[in-house]
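Have a look at the structure below, then the notes.
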Amino acid sequence: MFNYTKEVIINDPAVIIKGDSTNGIDTGVVAIKRGGNYVIDNIEGKKIYKTVGSEGTKAKVTITPVALENADVARLTIYLSTPGTEFVEFGSPSWQEFGKPYIVETTAGDAAGLAAAIKLALNEDNAHFSVKVNDTKVELEAAETWMDFAEVNYDLVTFADCSDCPKETIVSKTATNVGEITHGKSEFATAKWIVENLRFPSHPNLRYAPLYADEAPVAGTTYTEYSFEYRVKRSVPGGLSAVGQVADSIVRIVFYVAPAAQTAFETAFGAELLDTTTDNK
């Protein structure tokens, strides 16, 4: 309830004003038009965390089909996970894990036949991954960066021909015929990501002449995130633990800054405050 986060998108460097004697803003203060005035000394720990945005990469995997020999079918099982994303179409009965299983059985022992069978399992209007034949291999690529191939198995299956036999005999070909999975990396701080997570395309945001249109994410832009905790002492006593106790308000401020405005932002706040992370999101 009392954890407050403010998010501001900056596209234009002109909205960033560093206080000095010529502009009527106190020295040591950075003003962001319609985004607030920030006293640098109030930044908690004198530290601003900088995380560069990323377009992300899509997960990939390659399968090399083989002849069935004495087996009845080739069975391909795929579990497509959605780490960090909880769309209802990927929900499970327990709602503890989000993802979608695919099971494909075919008598084809070549790449074209296997690819055709996989495509039958996909929704043409909303395919969660693409299927491509490359010589003797079938290449799969996730449709979005937040999708990942958590598990891919390729087996040759022989069904039982008697009532008291094991129902099926499975010979795994995963180790030799499924290439190493190239796991994807979710995009972060792109215009698409901001729309999906922070600026939902509702009517107030999309109507004619919307408020703060200049702060809308610009399609195709990858932003850089700057965040810090901001501490301000309350002007009147507000604590409940002691008579006259003074309380501090601490909020989290997050800026998503377009490339054209990054230099102005870092200059205004001071590059010495920046804490860059190598742990990309």
What are the residues in the range 160-212 that are of a type in the set (G, A, S) and at pLDDT 90 or above, if any?
-> S172, A175, G179, G184, S186, A189, A191
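Residues checked against (1) small (G, A, S); (2) closer than 19 Å to G36 by Cβ; (3) assigned to a helix (DSSP H, G or I):
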residue: P204; (1), (2), (3): no, no, yes
residue: D214; (1), (2), (3): no, yes, yes
residue: A219; (1), (2), (3): yes, no, no
residue: S227; (1), (2), (3): yes, yes, no
residue: F255; (1), (2), (3): no, yes, no
residue: A264; (1), (2), (3): yes, yes, yes
Meets criteria (within 17 Å of T145 (Cα to Cα) and either under 19 Å from the mean Cα position of the chain (by Cα) or at pLDDT below 90 (or both)) for E86 | yes
In the range 168-215, what residues are over 26 Å from K58 (Cβ atoms) and touching a strand residue (DSSP E or B) at 6+ places or on another chain (Cβ under 7 Å)?
-> E168, T169, I170, V171, S172, E215
Identify, from the list V29, V66, the residue that is within 30 Å of G270 (Cβ to Cβ) and in contact with a helix residue (DSSP H, G or I) (Cβ under 9 Å, 6 or more places away or on another chain).
-> V29
T106 vs. criteria surrounded by 13 or more Cβ atoms within 10 Å (Cβ to Cβ), touching a residue at least 12 places away in the same chain (Cβ under 8 Å) and hydroxyl-bearing (S, T, Y) | yes
Checking D26, D41, D20 in turn, the sole residue that is in the same structural domain as P217 (by TED's automatic domain parsing), without any contact (Cβ under 8 Å) to a residue 40 or more places away in the chain and touching a Ser or Thr at 6+ places or on another chain (Cβ under 7 Å) turns out to be D20
Please indicate, with yes or no, whether at least one residue in the range 70-78 is closer than 20 Å to A150 by Cα, touching a residue at least 12 places away in the same chain (Cβ under 8 Å) and under 19 Å from the mean Cα position of the chain (by Cα).
-> no
So how many residues does the range 37-75 have that are surrounded by 14 or more Cβ atoms within 10 Å (Cβ to Cβ) and out of contact with any strand residue (DSSP E or B) (no Cβ under 7 Å at 6 or more places or on another chain)?
-> 1
Find all pairs meeting these conditions: Cβ atoms under 7 angstrom apart; at least six residues apart or on different chains; first residue within the range 82-93 and on the phi < 0 side of the Ramachandran plot; second residue in a helix (DSSP H, G or I) and at pLDDT 90 or above.
-> T82/F90
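The values are calculated or read from the model by the stated rules, or taken from the named source; none is laboratory data. None of these values were measured; they are calculated from a predicted model. Using ideal geometry, Cβ is built from the backbone for each residue, glycine included, and neighbour counts are taken over all protein chains shown.
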